[in-house]
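As structure tokens, the structure follows; a few thoughts come after it.
The values are calculated or read from the model by the stated rules, or taken from the named source; none is laboratory data. Note that this is a predicted model, so its numbers are computed, not measured. Neighbour counts are summed over all protein chains in view; Cβ atoms, including those assigned to glycine, are modelled from backbone coordinates with ideal geometry. Note: areas computed on protein heavy atoms with side chains; ligands, DNA, RNA excluded. Shrake-Rupley method; radii C 1.70, N 1.55, O 1.52, S 1.80 Å.
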Amino acid sequence: MSDHRSELAYRLPFGAEVIREPSGATHTRFRLWAPARSAVRVEWEYEGQPGVVDMSPAGQGWFEAQAPCGAGARYRYRLDGELAVPDPASRFQPEDVHGPSEVVDPLAYRWRCEQWSGRAWEEMVVYELHVGALGGYANVARRLPHIAQLGATAIELMPLNDFPGHRNWGYDGVLPFAPDSAYGRPEDLQALIDRAHELGIAVLLDVVYNHFGPEGNYLPQYARAFFRNDVVTPWGPAIDFRRREVRGYFCENALYWLHEYRFDGLRLDAVHAIGDDGWLRELADRVHASIAPQRQVHLVLENERNTASLLQTHFDAQWNDDAHNTLHVLLTGEHEGYYRAYADKPIAKLARVLSEGFVYQGEPSPIHDGAARGEPSAHLPPTAFVMFLQNHDQIGNRAFGERLRTLCAPQALLAATALLLLSPQIPLLFMEEEFGSTQPFLYFTDYGGELAQAVREGRRREFAKFSAFSDPERRARIPDPNAAQTFALSSPPTEEEPNNGAGAPSRANGAGDRAGWLHFYRSALAVRAKLIAPRLRGARALGATPLRTAGGLDANALVARWRLGDGETLTIALSLTADTLPFDEQPEGMIIFETPPRTRDIVDGKALPGYAFVAWLTGDVNTFALGHDVRAPTPPRSDT
């Protein structure tokens, strides 16, 4: 992978590869692992003409063939003269998961921003989005200037791999190499990434290696060895990562996205469901070995096990569910489901998050039957943790997909948002969050028949254990994931709609309200970019201390400190209670952000107002020119 060509097209060891002869002629090489079948042939249609060729056994379950067809050919594999299946390494499925695969020439797209080398991890402000909900690749590209002006430095695309139907929230894909045709063609995805790079925005991709969706997975028909027969998961038999072919399949997938599409990193979904840390390290090693020295590529985990050792050498960061869950309890008071593990002394747990990363570092977890969860994490830098208040999971896994705006006081949410945007942990935003959106984001699919009924009933049954849904009539009102309206309710207005854009009204927010929230986010992220991000390399936590009321009781407020990479100290004071609290510590140095306005005046009077956040730097902060007013922005209206 040393020449320029290999950076623009990744040569897979299986699937369909266009081969160019020196004479100018082209043909396609096909390779499939089908150890459960004795004979395989490839059938295609190319430039209006059909064709078929028997594939030759190549040992250990592999079959190979070459065919006189090129890019644009549509093909299937015929197994033992019976079942016709798409390619498990298909680069594109123009007719959905049950249709033929298409031969794609990745060199056909002419990259404009070839010299892009990525962004440092410490600079990251990640903006998670769903391509389908935003109207496809072209519409996401139109939103990129707004995302750049917001202050986000990376977008993270929810999974793109092919799923059945026209809509899916992303985690039911069955063909990991094929970006879904509902969003556009492969070259449209390449153009989106190219445009992001032109604007200085890195692009991360969420990939799912722990399961396949319930419809369209043909692998068991010809490669039963891909799955275990002794371990069953909620999605069926577990994927067998003990097999070399399985490990290679997913490693090649990661390399394919990073090289052929020039993604800047991957977020690996729910790796605790894989249960093989050795393979995770193998994947990371292969990725790092393949990347040119000048490129910056990042690997991020979602891992319920809090395996801190994976973050020391192999992965850049982990989504910090402990941070989200603790803040959610503090903001909403909810304590059912997995929030039960954070309901006791949540402010002490938040202090541990800010000073050590994880809450659970080997302690017994009440939502894991009392089993120990996690490893010590205090030695890791704060940038090893991705902090968020909202994401696809924490909104979409709610019965009605509510955002935080509908669940807590807006002043409290502003204070927590300031912590999110100015903490040394890496912030992640969910699409439209910057407008203070109250639009739901629901779990949506596009299944039919018995599967649709099973998903609908299963979704409602899932919430029966929650007190709010003990009434069957209320459960019956949970939106049907397969209804087109469920998807429509989750889709923000597109750029073509006149009511969209910065400061424009949405379905739930007025223009002034949206503009106020957007100003708040932009102001905080401007401070982060100028005064915090340049100092994050080498930063370490100095501790966090909960505050108390005048009566000596614990309050939902704290002070936290970090020594930044240049030796300066960042201090924050956060209150998530409505009460004014005694506050003897006087900020020294320069206050860089505050909410609500004039908080510094009250702090000077030795009190911390309710729902307040104030951050200050101690040291020579004039090294970095601000270029903007660091006084608190006018907050959004609190009466909406």
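Here is a check on your reading of the model: is Glu123 open to solvent by 40 Å² or more (accessible area, probe 1.4 Å), within 24 Å of Val297 (Cα to Cα), in contact with a strand residue (DSSP E or B) (Cβ under 9 Å, 6 or more places away or on another chain) and of a type outside the set (S, T, N, Q)?
Yes; evaluated as a whole, the condition is true for this residue.
Residues are listed down the side, and each one gets a yes or a no for (1) farther than 23 Å from Phe520 by Cβ; (2) hydrophobic (A, V, I, L, M, F, W, C):
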site	(1), (2)
Pro364	yes, no
Asn391	no, no
Phe400	yes, yes
Leu407	no, yes
* **Residue satisfying condition, being under 28 Å from Gln190 (Cα atoms) and open to solvent by 60 Å² or more (accessible area, probe 1.4 Å), within set Pro57, Pro86, Pro22** => Pro22
* Structure fact -> Among Arg91, Arg76, the single one that is open to solvent by less than 20 Å² (accessible area, probe 1.4 Å), in contact (Cβ under 8 Å) with a residue 24 or more places away in the chain and of a type in the set (Lys, Arg) is Arg91
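Return the total of residues in the stretch 131-175 being aliphatic (A, V, I, L, M) and part of a strand (DSSP E or B).
The first filter runs over the stretch 131-175 and keeps only residues aliphatic (A, V, I, L, M), leaving 131, 133-134, 138, 140-141, 144, 147-148, 150, 152, 154-155, 157-158, 160, 174-175.
From what's left, part of a strand (DSSP E or B): 154-155, 157, 175.
The qualifying residues number 4.
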* **Wholly enclosed strands (runs of 3 or more DSSP E) of the stretch 38-126 bearing at least 1 residues of a type in the set (Val, Ile, Thr)** => 40-46, 49-54, 83-85
* Flag if Arg29 is open to solvent by 40 Å² or more (accessible area, probe 1.4 Å) and in a strand (DSSP E or B) -> yes
* Mind telling me which of the residues Glu282, Glu334, Glu245 ends up being farther than 25 Å from Ile201 by Cα, over 22 Å from the mean Cα position of the chain (by Cα) and in a helix (DSSP H, G or I)? => Glu245
* Asked: Listed residues Phe30, Phe63; which is under 38 Å from the mean Cα position of the chain (by Cα), closer than 24 Å to Gln190 by Cβ and modelled with pLDDT of 95 or more?
  -> Phe30
* Asked: Consider Leu205 against the criteria (1) farther than 19 Å from Gly136 by Cα; (2) among the hydrophobic types (A, V, I, L, M, F, W, C); (3) in contact with a helix residue (DSSP H, G or I) (Cβ under 7 Å, 6 or more places away or on another chain): it satisfies all of them except one. Which criterion is unmet?
  -> (1)
* Total residues in the stretch 349-362, condition out of contact with any helix residue (DSSP H, G or I) (no Cβ under 7 Å at 6 or more places or on another chain) and closer than 21 Å to Ile426 by Cα -> 6
* To do: Give the stretch 94-110 a look and list any residue that's of a type in the set (A, V, I, L, M, F, W, C), closer than 15 Å to Phe14 by Cα and open to solvent by less than 10 Å² (accessible area, probe 1.4 Å), or say none.
  => Val103
* Test each condition in (1) surrounded by fewer than 19 Cβ atoms within 10 Å (Cβ to Cβ); (2) not in a helix (DSSP H, G or I); (3) not aromatic (Phe, Trp, Tyr) for Asn303 and report the one that comes out false. => (1)
* Which residues, counting only those in the stretch 226-257, are surrounded by 17 or more Cβ atoms within 10 Å (Cβ to Cβ) and in contact (Cβ under 8 Å) with a residue 40 or more places away in the chain? -> Tyr249, Phe250, Glu252, Asn253, Ala254, Leu255, Tyr256, Trp257
* Answer yes or no as to whether Phe177 is closer than 23 Å to Gly248 by Cβ and more than 16 Å from the chain's Cα centre (by Cα). => yes
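For (1) surrounded by fewer than 17 Cβ atoms within 10 Å (Cβ to Cβ); (2) farther than 24 Å from Val353 by Cβ; (3) over 34 Å from the mean Cα position of the chain (by Cα); (4) of a type in the set (D, E, K, R), each residue gets a yes or a no:
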| site | (1), (2), (3), (4) |
| --- | --- |
| Gly538 | yes, no, no, no |
| Ala560 | no, no, no, no |
| Gln586 | yes, yes, yes, no |
| Ile602 | no, yes, yes, no |
| Tyr611 | no, no, no, no |
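Residues are listed down the side, and each one gets a yes or a no for (1) surrounded by fewer than 21 Cβ atoms within 10 Å (Cβ to Cβ); (2) under 19 Å from Tyr339 (Cα atoms); (3) among the hydrophobic types (A, V, I, L, M, F, W, C):
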| position | (1), (2), (3) |
| --- | --- |
| Ser355 | yes, no, no |
| Ala371 | yes, yes, yes |
| Glu375 | yes, no, no |
| Val386 | no, yes, yes |
| Gln394 | yes, yes, no |
| Leu414 | no, no, yes |
| Ala418 | no, no, yes |
